[in-house]
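The values are calculated or read from the model by the stated rules, or taken from the named source; none is laboratory data. Computed from a prediction, not measured in an experiment: that's the story for all the values here. Every residue, glycine among them, receives a Cβ derived from its backbone with ideal geometry; neighbour counts consider all protein chains shown. For accessibility, only protein heavy atoms count, side chains too; no ligands or nucleic acids. Shrake-Rupley method; radii C 1.70, N 1.55, O 1.52, S 1.80 Å.
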Amino acid sequence: MHNKEIGKTQSYSRVCNNMLVIKHLQQKDCSATELAEILSLSNATLSSILKQLLSIGIVKISGSQNVKELGRKRVVYTLNESFGLFLNVNMTNNTANISVANLKEEILAKEIIEIKKYNAEAIYKIILLATQLLLKDDTRAFPLRCVVI
């Protein structure tokens, strides 16, 4: 296999593993050892992934505890809900569903509107409502990280 192909494969695997860690932490806070066992990854691989996700700010340490009063403390990781916001606009039939969520997929603001005809006026109305949702008190302080239409 050519070196360029190996790099692409490793990069792709890293992205997939990062997504697996994020998806699992959306469901439950875990230690690195628990994540390694659940995801069938080596402790070294998981340590590297968590270090990268911590440096970006996607993951944070939610606590640490001694399991048996001996040895290292168990560090528990969680998703950083203040990392940023995700704006989702779903248009089906004559309805536009606009929602703002955090990384933990918790809906922070939501608006559903009826659209009679999809034209420039309707799109402008959707953009105005999305802007209003992003400017609410509980969403204003966080950066917008992703828009899905």
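List of remarks:
- Compared with the dominant Cα axis of the chain, that is its longest principal axis, helix 120-134 is turned about 50°.
- Relative contact order of the chain, pairs being alpha-carbon contacts under 8 Å that are 6 or more residues apart, as %: 18 percent
- Whole-percent carbon and sulfur share, accessible surface of the chain, 1.4 Å: 53 percent
- Judged by the mean number of other Cβ atoms found within 10 Å, the most tightly packed of the peptides 90-103, 111-124 leads the ranking 90-103, 111-124.
- Of LEU35, LEU20, LEU87, the residue with the greatest mean-square motion in the GNM of the chain, using alpha carbon springs below 10 Å, is LEU20.
- Rounded to 10°, Cα long-axis angle of helix 43-56 versus longest principal axis of the chain: 40 degrees
- Cα lying deepest toward the dipole's positive end in the range 21-143, options THR78, SER40, LEU133, charges on Cβ: SER40
- Cα-based helix-to-principal-axis angle, 3-27 vs the chain, degrees rounded to 10: 80 degrees
- Computed over the Cα atoms of the chain, pair by distinct pair, the Kirkwood hydrodynamic radius stands at 18.0 angstrom.
- Residues SER55, SER13, sorted by accessible area with the largest first, give SER55, SER13 [1.4 Å probe; ligands and nucleic acids excluded].
- A 1.4 Å probe run over the chain, with the rest of the protein chains in place, finds 67 Å² accessible per residue.
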